[in-house]
Each structure stands twice: as structure tokens, then as C-alpha cells.
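Q: Have a look at this one before I ask anything.
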Amino acid sequence: MTRVAELLLLLVILTSFLALGTARVSACIRAVALQGLLLGLLPLALYPAGGAHIWGLAVGTVLVKAVVLPRFLNWAIREAAVRREVEPRVGYPMSLLVGVAAVAAAFAISSRLPLPEQAHEMLVPAALATVMLGLFMLTTRSKAVVQVVGYLILENGVYLFGLTHVERVPFLVEVGVLLDVFVAVFIMGIVVFHINREFDSLDSSHLSALSD
Amino acid sequence: MLLLALILVPAVAALGASALRGPARRTPWLLLGAMTHLALVAAVAITPPRPVFHGWIALDALGLVVLATVSALFAAVAVYAVGYLRRAHSPGGRAFVGCLLAFLAAASLVALSHHFALLWVGLEATTLALAPLIFHKHDRRSLEAVWKYLVISSVGIALALLGVFFLATAQAGGPPGARPLVVEDLIAYADRLHPAWLQAAFVFLLIGFGTKMGLAPMHTWKPDTYGEAPSLVGALMAGGLTSCAFLGLARVTAVATAAGSGPFIRPLLLGFGVLSLVVAAAFLIVQTDVKRLLAYSSVEHMGLLAVGLGVGGVGAYGAVLHMINNAMVKGLLFFAVGNAVLRAGTGAPAALSGALRRAPASGFLLLVGLFAVTGSPPFGPFLSEFAILGALFHAGHYWIAAIMLALFAVIFVGLAARILEVVHGPPSPSAPGVGEDPWRLAAPAVLAIAVLTLGVFIPGPLFRALAEAAGTLGGGAP
């Protein structure tokens, strides 16, 4: 099963790049939905003898990260009629290069840190890489919906790291993460909706009236 | 059971508030919830209850100080709200009282959590509970404020969660009996925490909790949010939310200190603290909007808290005491400024000039707040800032102490110039708003008395609690 887990982790990183490299907002959401599905399969691959707890985690993750949130995001872009990201602050080829550098950095950092026991050796670098890619996307994109996707990828990275503790640390951590993602995006979605109604645009770079 | 009641009573009250129809019923409900909570805090302060849920929920001196501070500030907010809602339309509409009570429940959870993940959940909930209250005017500016607040806070909180996971990883080599992420067990087996993971955890938690506190350079949401939020929400953010985030930072500082990582974390805390003071002073000087001014003042005081934690010794005592003082003073200032805004009928900086000339009581309270917040004797912040400065000298950080003293002077000038203009400046010709209200004066007056009392003498039980709290942070009382 470790080969499967390895493949899944590689695909997770790849989906982050898909989201990072596309100008189409709907493709971006599809990438993050696929990533959610992969994240849901991971606990099953990492802990094959997991039992009800692991299955619950897997089903819950798929439901929230691959079904509910992408649908919610799709609803938001339909309401606001956005299709393309307009001129991101960092161009797409440059974004991909930075992404590759982030992945390299994540692997370099992880090789210096002692791995937590029972953890798959690729889990920690994949988690750190996903966090960095998400953070990068969140800070360099101007559309509110794409920023939310970036935040989701960041959260997915945190979740990946949390998978190293599934057996040792109680259930609460996972619930907290899922709840957090759900609520954060939910509220952001409402705000996005308001931004739309306010200026007929989802471009949060319009939000610059307050400054010193 | 009392411990759970502290969290559940405001949570249930928040649900109940949404069922009530009409603001005339919701305001007394808010007051009732606040006072019940304050009474419960008094009860647990007198007879400390036993921990529940395997020690996940417990009450120690540090938690009690934060809990009592937030509860007292919240009671003042509830009193102020009675007068405020008579005159202004309810921020957040129907959800207003519910959101406030939900914040109180989440803040209580933070204060009582001895489990890092639970503490994190509480902090997340405090962030969300206040978000609808910032977006109360439904215009472009408050929209921008709430968007910045949510994006920056949620990134901070996500990185903090990663820090919590790192902390769990650091603990992986501990004895099998140790409860994961429980503060007591982390400290008891601190020598078996893995140093590299612990330090990584500290950095992420410092960034995450520091974002919520508003330490520079993660403070950028603060001026916009405080500037746009209604005054009483600003009071709760500057006094309550920051105290909760400070508690999180203090808890991880306690763990790292016990594990012998002091030499690693102290420069970080001092660095972020001094940077916050510098940034606050630089922006205070050029600021014209009073509420944004208070936001930068808050950045300054958060910097002081970080410096106090970082220097240790008496500084830890000073930091905990300063957290109480900061909460009381920020409540006082935001209430007085709120009265000025109501008086002027608008929050626009030009219109606020001389707004309190015809409202001498609020004007006097604002002046008291000005002297208290700048650390002038005989008010509480003078003592706590003095303790932190003393600790810096004692530890040999003469340069930091000297820089801080210079920045205090700059900050005093920046704050005084603008606040004196509101109190004594030439009145602007704008249409006069509403007059004074006993409820809106009682809340800041009580806080002013509290700040003055803390500056004159510290009651015995409070001193013992402060000394014990400082002890858990690796410091001690003077």
C-alpha cells in the first residue's frame, strides 16, 4: 500500500500545480476538487488496517473537500459570472517555476527534520510543499475565488501533515480541520457574494480604499 | 461542571438570542448573559474546580487571569451596548447579540483549554464570531475591512494549526502515558520533546497567534478592521481577542521554556515585539483617524506583551499584568471614542474635531484613557510597563530598553495630538448627533476606575494569581 500512498502524494502535488498553472477559474476548482478526492483516499492507503475511524475520515474528507466545497465555489462563480483570472500578479510560467522551487525546498527541509514515527517518508515533504503552493497562490492571485482555492490548498497541506498523527492524537484534530475549512470558505463565499453585488466584480484588488 | 458552564452558558445564550424577536428583548438578554458569566468566573476564582475531559479543560492561574479579564471587559461591553443600541442601529442586525455571546463562549474555551488543539478551535471560533460585526455598514469600506480581516486571520490560523501538528510531532518521542498536546504533560516531559520540531512549532504558532494579536508585520488587517468596526466591537477585539491570542502564545512559550528552548525563542519574541513598537510609533505619528490610531496603539501594546514574554523574569509578570491593563484601557478608549462618534454623528476624522467639547464627561474619560494608554502614572499600564522595562535592564538589554523609552515618547505625542483635538479642538460645523447616556458613561467610567486601581495597588489574590502565572512562564513576581 505504500506504493499507492506514494502515487497519491505525487498526484496531490500535481493537482496543486494544475491549479497554479491555469487561467480558467473552473479548471482551478476542478483541480482542487480532485485534490480533495486524493486526500480522502490517502488515509485508506496509509492505514490499511484503520477501521471505522479511518473510513470515517476518508468519507468525510471526500464529502467536504471533493463535493461540497467545489460545488459551493462553482455556485459562487456562476453567481458572479467569472471565468478567467485577470492578469495575476505573478505570471503563469513564473508561478510554475516558483512552485517547483517550493517543492524542492520542502523536500530539502524535510530531509533535515527527523520524521515522525509511523509516518510515510513522503508525507511531510508533500505536506510542506502543498502549504507553500497554497500560500503562494493565495498571495499572488487577484480574484477572490482563486484566493479561496489557494487557501483550500494551504489547508489541504495542513491536513496532509495532520495525517501523520491520525493514530496517536484524538479525532478532534480532524474535526477541527474540516470544520475550519468548511466555515472559512462558507463565510468567505458569502463575502465574495457581497463583493460581487457591491461592484459587479470578484476582483479583490479593487479593495484598496483603506491604506495609510 | 462549573468549567463547562462557563463555555456552555454563553453558547446557549447565543442560540437563545437568535430566537428572541426585537432588539428591546435582546439587549437585556445580552446583559443577563454577561453578568451570569461574570458571576460564574467569580465562583471558579473562589473555589477552583477540578479539571474535566482528561484534563483538556482546566483552570490555572494564567487561564483564570485571561478569563476574568475577558469576562469583565465583556460585561462592560454589554452595559455600553444598552446605551449604544438606543441610538445607533444594531451592528450586524439581528445577529449582533448572538455573535457577541458566541465570542464570549469561544473566548472562555480558549481560556480554559489545556489542550493545544482545543485552544486552537476556540481561537478560530473567536475570529469567526466577530466577523459579521465588522461588516455592519454594508458599504465598500467595511467590506474591504472584513475581507482583509478574514483572509489574513484565516491564513494565520491555518499556520497556527500546522504549528499545533508540529508540536504533536515533537511530542512523539515522549513516554507512552503522556497525553498528546495537553499543556501539563508537555511541560512535565519537556526534556523529551524533540528540539527541532518544537522550535518549528514555536515559529508557526508565533506567526499564527501573532497574526491574531496583531504583531508587526502581521498587523496589516488591524487598522482597517478597528477603523471600520463599531466602537464596542473594537473594544472587544482590542481587549478580548488579543488577550486570547496572547494566552495561546504564552502557553507555547511556557512549553518551549520548560524544554530549554529559551535561547531560541527569546530573540524571536523580542524581535517581533520591538518591530511592533517601531511600526506602531511610525504610523501613529501620521495617523488622523482616531480608531486607526487606537489600532496602532494596540499593535504597540501587543509588542510590549511579546517583549515581556521574551525577556522573562519579572517581564513575564509584567506581560500578564499588562494584558489586563491593555484590555481595560482599550475598552475605556473605544467607548469614549464611540461616544465622540455618536456625538459628531459620523466617524469622519474632520468631523470629530472638538466633538467632546459639549460632552465633558466623555471628554474627561477620553483624556484619562490617553494618559493610561501611554503609561503615565498613576494608572495601571505604568506599573506593568515599568516591570517590563525593569526586566530588560535586569537582563542587560539596555539598547532595547532605550529604544522603547524613545518610542514611548513618540507614541505619546502621536496619540495626544489627535485625542486632544477631539476633546479640545475647534468644533466642526457638522450636524450634532446624540448626547450623553448614563449607560454609555458607566461602562468607560468603571473601566477607568479599574485602571486607576490597578495603578495604585494590586489586590492580594490578584498578585498571587499573577505571580503563579508568571511562574508557569518561567518568570516570577517582583
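The values are calculated or read from the model by the stated rules, or taken from the named source; none is laboratory data. Remember, predicted model here, so these are calculated numbers, not experimental data. Virtual Cβ from ideal backbone geometry, glycine too; neighbours counted across all protein chains shown.
Q: Given the residues B:Phe382, B:Phe463, which is the only one that is part of a helix (DSSP H, G or I), more than 18 Å from B:Met302 (Cα to Cα), of a type in the set (Phe, Trp, Tyr) and at pLDDT 90 or above? Steps first, please.
A: On the way: B:Phe382 fails: more than 18 Å from B:Met302 (Cα to Cα).
When all the criteria are applied, what remains is B:Phe463.
Q: Can you tell me which residue among B:Leu112, B:Leu181 is under 23 Å from B:Ala469 (Cα atoms), buried (at least 24 other Cβ atoms within 10 Å of the Cβ), at the interface with another protein chain (Cβ under 8 Å from one of its Cβ atoms) and hydrophobic (A, V, I, L, M, F, W, C)?
A: Numbers: B:Leu112 fails: at the interface with another protein chain (Cβ under 8 Å from one of its Cβ atoms).
From the options B:Leu112, B:Leu181, the qualifying one is B:Leu181.
Q: It is to be established whether one or more residues within the stretch A:118-129 are buried (at least 24 other Cβ atoms within 10 Å of the Cβ), of a type outside the set (A, V, I, L, M) and either under 16 Å from the mean Cα position of the chain (by Cα) or modelled with pLDDT of 80 or more (or both).
A: For the stretch A:118-129, residues buried (at least 24 other Cβ atoms within 10 Å of the Cβ), of a type outside the set (A, V, I, L, M) and either under 16 Å from the mean Cα position of the chain (by Cα) or modelled with pLDDT of 80 or more (or both): absent.
Q: Facing chain A (nearest Cβ under 8 Å) and either touching a Cys at 6+ places or on another chain (Cβ under 9 Å) or part of a helix (DSSP H, G or I) (or both): does that describe B:Ala107? Step through it out loud before you land on a result.
A: Values: facing chain A (nearest Cβ under 8 Å): no; either touching a Cys at 6+ places or on another chain (Cβ under 9 Å) or part of a helix (DSSP H, G or I) (or both): yes.
No; evaluated as a whole, the condition is false for this residue.
Q: With B:Ala188, B:Ala200, B:Ala168, B:Ala172 as the choices, which residue is without any contact (Cβ under 8 Å) to a residue 12 or more places away in the chain and touching a helix residue (DSSP H, G or I) at 6+ places or on another chain (Cβ under 9 Å)? Full working, then the answer.
A: Details: B:Ala200 fails: without any contact (Cβ under 8 Å) to a residue 12 or more places away in the chain; B:Ala168 fails: without any contact (Cβ under 8 Å) to a residue 12 or more places away in the chain; B:Ala172 fails: without any contact (Cβ under 8 Å) to a residue 12 or more places away in the chain.
Step by step, each of B:Ala188, B:Ala200, B:Ala168, B:Ala172 is checked, and only B:Ala188 is without any contact (Cβ under 8 Å) to a residue 12 or more places away in the chain and touching a helix residue (DSSP H, G or I) at 6+ places or on another chain (Cβ under 9 Å).
Q: Looking only at the stretch A:89-112, which residues are assigned to a helix (DSSP H, G or I) and touching a residue at least 40 places away in the same chain (Cβ under 8 Å)? Write out each step before concluding.
A: Of the residues in the stretch A:89-112, the ones assigned to a helix (DSSP H, G or I) are A:92-112.
Those that are assigned to a helix (DSSP H, G or I) and touching a residue at least 40 places away in the same chain (Cβ under 8 Å): A:Tyr92, A:Ser95, A:Leu96, A:Gly99, A:Val103.
Q: In this structure, is B:Pro267 under 22 Å from B:Val373 (Cα atoms) and over 15 Å from the mean Cα position of the chain (by Cα)? Can you show your working first?
A: Working: under 22 Å from B:Val373 (Cα atoms): no; over 15 Å from the mean Cα position of the chain (by Cα): yes.
The answer is no for B:Pro267.
Q: Provide a single number: the residues in the stretch A:153-168 that are more than 21 Å from B:Gly208 (Cβ to Cβ) and more than 9 Å from chain B (Cβ to nearest Cβ).
A: Looking only at that region, the number is 2.
Q: Among the residues of the stretch B:399-418, are any of a type in the set (Gly, Ala, Ser), over 25 Å from the mean Cα position of the chain (by Cα) and at pLDDT 90 or above? I'd like the intermediate steps shown before the answer.
A: Taking the stretch B:399-418 and keeping what is of a type in the set (Gly, Ala, Ser), we get B:401-402, B:406, B:409, B:414, B:416-417.
From what's left, over 25 Å from the mean Cα position of the chain (by Cα): B:402.
Filter once more, keeping what is at pLDDT 90 or above: B:402.
Yes.
Conditions (1) assigned to a loop (DSSP other than H, G, I, E, B); (2) touching a strand residue (DSSP E or B) at 6+ places or on another chain (Cβ under 7 Å); (3) of a type outside the set (A, V, I, L, M, F, W, C), marked per residue:
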| residue | (1), (2), (3) |
| --- | --- |
| B:Ala361 | no, no, no |
| B:Leu370 | no, no, no |
| B:Pro377 | yes, no, yes |
| B:Ala387 | no, no, no |
| B:Ala391 | no, yes, no |
| B:Ala401 | no, no, no |
| B:Val410 | no, no, no |
| B:Gly414 | no, no, yes |
| B:Val423 | no, no, no |
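Q: Which residue out of A:Val131, A:Val145 is in contact with a Leu (Cβ under 8 Å, 6 or more places away or on another chain), within 23 Å of B:Ile157 (Cα to Cα), among the β-branched types (Val, Ile, Thr) and in contact (Cβ under 8 Å) with a residue 60 or more places away in the chain?
A: Details: A:Val131 fails: in contact (Cβ under 8 Å) with a residue 60 or more places away in the chain.
Result: A:Val145 is the single residue among A:Val131, A:Val145 that is in contact with a Leu (Cβ under 8 Å, 6 or more places away or on another chain), within 23 Å of B:Ile157 (Cα to Cα), among the β-branched types (Val, Ile, Thr) and in contact (Cβ under 8 Å) with a residue 60 or more places away in the chain.
Q: Quick check on my filter: what residues within the stretch B:371-403 are surrounded by fewer than 23 Cβ atoms within 10 Å (Cβ to Cβ) and of a type in the set (A, V, I, L, M)?
A: B:Leu383, B:Ala395, B:Ile400, B:Ala401, B:Ala402, B:Ile403
Q: Quick one: which of B:Tyr84, B:Tyr80 is under 20 Å from B:Leu447 (Cβ atoms) and either free of Cβ contacts under 8 Å to residues at least 40 places away in the same chain or over 20 Å from the mean Cα position of the chain (by Cα) (or both)? Full working, then the answer.
A: On the way: B:Tyr80 fails: either free of Cβ contacts under 8 Å to residues at least 40 places away in the same chain or over 20 Å from the mean Cα position of the chain (by Cα) (or both).
Result of the check over B:Tyr84, B:Tyr80: B:Tyr84.
Q: Continuing with the same structure: Which one of B:Val373, B:Val423, B:Val446, B:Val368 is in contact (Cβ under 8 Å) with a residue 12 or more places away in the chain, touching a Gly at 6+ places or on another chain (Cβ under 8 Å), among the β-branched types (Val, Ile, Thr) and closer than 28 Å to B:Leu352 by Cβ?
A: B:Val423
Q: I'd like the full set of residues that are among the hydrophobic types (A, V, I, L, M, F, W, C) and at the interface with chain A (Cβ under 10 Å from one of its Cβ atoms), limited to the stretch B:146-160.
A: Filtering the stretch B:146-160 for residues among the hydrophobic types (A, V, I, L, M, F, W, C) gives B:146-147, B:150-152, B:155, B:157-160.
Result: B:Val146, B:Trp147, B:Leu150, B:Val151, B:Val155, B:Ile157, B:Ala158, B:Leu159, B:Ala160.
Q: While we're looking at this one, here's another question. Quick one: which of B:Gly16, B:Gly33, B:Gly55 is on the phi > 0 side of the Ramachandran plot and either surrounded by 14 or more Cβ atoms within 10 Å (Cβ to Cβ) or not in a helix (DSSP H, G or I) (or both)? Reasoning before the result, please.
A: Working: B:Gly16 fails: on the phi > 0 side of the Ramachandran plot; B:Gly33 fails: on the phi > 0 side of the Ramachandran plot.
Only one candidate passes the filter, namely B:Gly55.
Q: Out of curiosity, is B:Leu143 at negative phi, in contact with an Asp or Glu (Cβ under 8 Å, 6 or more places away or on another chain) and at the interface with chain A (Cβ under 8 Å from one of its Cβ atoms)?
A: Numbers: at negative phi: yes; in contact with an Asp or Glu (Cβ under 8 Å, 6 or more places away or on another chain): yes; at the interface with chain A (Cβ under 8 Å from one of its Cβ atoms): yes.
Judged against the criteria, B:Leu143 is a match.
Q: Name the residue that is nearest to the other protein chains (Cβ to nearest Cβ), counting only residues in the stretch A:111-152 that are within 24 Å of A:Thr2 (Cα to Cα) and of a type in the set (S, T, N, Q).
A: If we take residues in the stretch A:111-152 being within 24 Å of A:Thr2 (Cα to Cα) and of a type in the set (S, T, N, Q), then A:Gln118 is nearest to the other protein chains (Cβ to nearest Cβ).
Q: Could you look through the stretch B:115-140, keep only residues that are within 9 Å of chain A (Cβ to nearest Cβ) and among the aromatic types (Phe, Trp, Tyr), and pick out the one that is surrounded by the fewest Cβ atoms within 10 Å (Cβ to Cβ)?
A: Among residues in the stretch B:115-140 that are within 9 Å of chain A (Cβ to nearest Cβ) and among the aromatic types (Phe, Trp, Tyr), the one surrounded by the fewest Cβ atoms within 10 Å (Cβ to Cβ) is B:Phe135.
Q: Could you pull out the residue among B:Ala245, B:Ala282 that is surrounded by fewer than 24 Cβ atoms within 10 Å (Cβ to Cβ) and either without any contact (Cβ under 8 Å) to a residue 12 or more places away in the chain or part of a helix (DSSP H, G or I) (or both)?
A: The conditions single out B:Ala282.
Q: Being more than 14 Å from chain A (Cβ to nearest Cβ) and either touching a helix residue (DSSP H, G or I) at 6+ places or on another chain (Cβ under 9 Å) or not in a helix (DSSP H, G or I) (or both) is the requirement here; does B:Arg251 meet it?
A: Working: more than 14 Å from chain A (Cβ to nearest Cβ): yes; either touching a helix residue (DSSP H, G or I) at 6+ places or on another chain (Cβ under 9 Å) or not in a helix (DSSP H, G or I) (or both): yes.
Considered against the rule, which asks whether it is more than 14 Å from chain A (Cβ to nearest Cβ) and either touching a helix residue (DSSP H, G or I) at 6+ places or on another chain (Cβ under 9 Å) or not in a helix (DSSP H, G or I) (or both), B:Arg251 comes out as yes.
Q: Checking B:Pro478 against (1) more than 22 Å from the chain's Cα centre (by Cα); (2) under 30 Å from B:Leu64 (Cα atoms); (3) not in a loop (DSSP other than H, G, I, E, B), which test does it fail?
A: (3)
Q: Further, regarding this structure: Is there a residue in the stretch B:161-169 that is in contact with an Asp or Glu (Cβ under 8 Å, 6 or more places away or on another chain), closer than 30 Å to B:His37 by Cα and within 12 Å of another protein chain (Cβ to nearest Cβ)?
A: Filtering the stretch B:161-169 down to residues in contact with an Asp or Glu (Cβ under 8 Å, 6 or more places away or on another chain) leaves B:161.
Narrowing further to those that are closer than 30 Å to B:His37 by Cα: B:161.
Then drop every residue that is not within 12 Å of another protein chain (Cβ to nearest Cβ), which leaves B:161.
Checked against the condition, which is being in contact with an Asp or Glu (Cβ under 8 Å, 6 or more places away or on another chain), closer than 30 Å to B:His37 by Cα and within 12 Å of another protein chain (Cβ to nearest Cβ), the stretch B:161-169 yields at least one hit.
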